[in-house]
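Down below is the structure, laid out as structure tokens.
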Amino acid sequence: MPSRIAPETPSDGYEPLENRANKQAAWRTDPARAGLSGCVGDIGTHAQNLLEFVTDCQIEALCADLSSFVTGRRLDDDANILLRLRGGARGTLVCSQVACGEENRLSIRVYGSQAGLEWHQENPNELGFAPLGQPKQVIRRASAGTGPAAAHATRIPSGHPEGYLEAFAQLYNDLAEQIISRREKRTPDPLSLLVPTVEDGVEGVRFIKTAIESSRNGSAWTTISR
């Protein structure tokens, strides 16, 4: 997630959208309907799931600083989280519902010893690939450099924009393949298995609960219980 600086203290300058008949904001900021967390539960889990899927490394422990910058808001609307991943990798996850002027900006950056990767959901057809000591490359969807899984998830020819809605269509298609294959008592297409599972949902809930626990304990490092 992108870096940004939030105000030092809660402020009345933020407009509480939940008090302006905004139905989306109303349920997202209501513990009775949204659950334990606001920002982390609503959007932070998307980044958590993306990180673990792309790296194939589970988050083992975290250090979270959750804030509610809108006066009177009962759930967090901003979070800064340090991560320790399986295998020794380290990470930073930032999510905010009070980053004025931002739109979605879901993004991920992964750095290894030999190269780095960068992807932004607002420009989903391009993947930045930066090999050590070489010029940065841009790998485009449905072009050279992509593998079988990427080809499977590509629904339209290269050169045409593909993104958010097509991603949902691909998920539905893959889930349908799993259901149909079970009914037909056959093995599903292996590439159709790259979809979120119940276990991924449970992992997201663990992440939320651990982030809240860490923040309430003075941002102490807290292990995710499994």
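Looking across region 155-198, the residues that are of a type in the set (Ser, Thr, Tyr), at pLDDT 95 or above and surrounded by 10 or more Cβ atoms within 10 Å (Cβ to Cβ) come down to Tyr172, Ser181, Ser192. Within region 194-215, residues that are in contact (Cβ under 8 Å) with a residue 12 or more places away in the chain and closer than 16 Å to Gly35 by Cα have Cβ atoms under 8 Å from residues that are part of a helix (DSSP H, G or I) and among the charged types (D, E, K, R) in these pairs: Glu203/Glu52, counting only partners at least 6 apart in sequence or on another chain. Among the strands (runs of 3 or more DSSP E) confined to region 57-153, the ones with at least 2 residues that are surrounded by 11 or more Cβ atoms within 10 Å (Cβ to Cβ) and within 17 Å of the chain's Cα centre (by Cα) are located at 59-67, 78-85, 90-96, 107-111, 115-120. Hey, does region 167-181 have a residue that's part of a loop (DSSP other than H, G, I, E, B) and without any contact (Cβ under 8 Å) to a residue 40 or more places away in the chain? Within region 167-181, none of the residues are part of a loop (DSSP other than H, G, I, E, B) and without any contact (Cβ under 8 Å) to a residue 40 or more places away in the chain.
The values are calculated or read from the model by the stated rules, or taken from the named source; none is laboratory data. Keep in mind it's a predicted model, so treat the numbers as computed, not measured. Backbone-built Cβ (ideal geometry, glycine too); neighbour counts: all protein chains shown.
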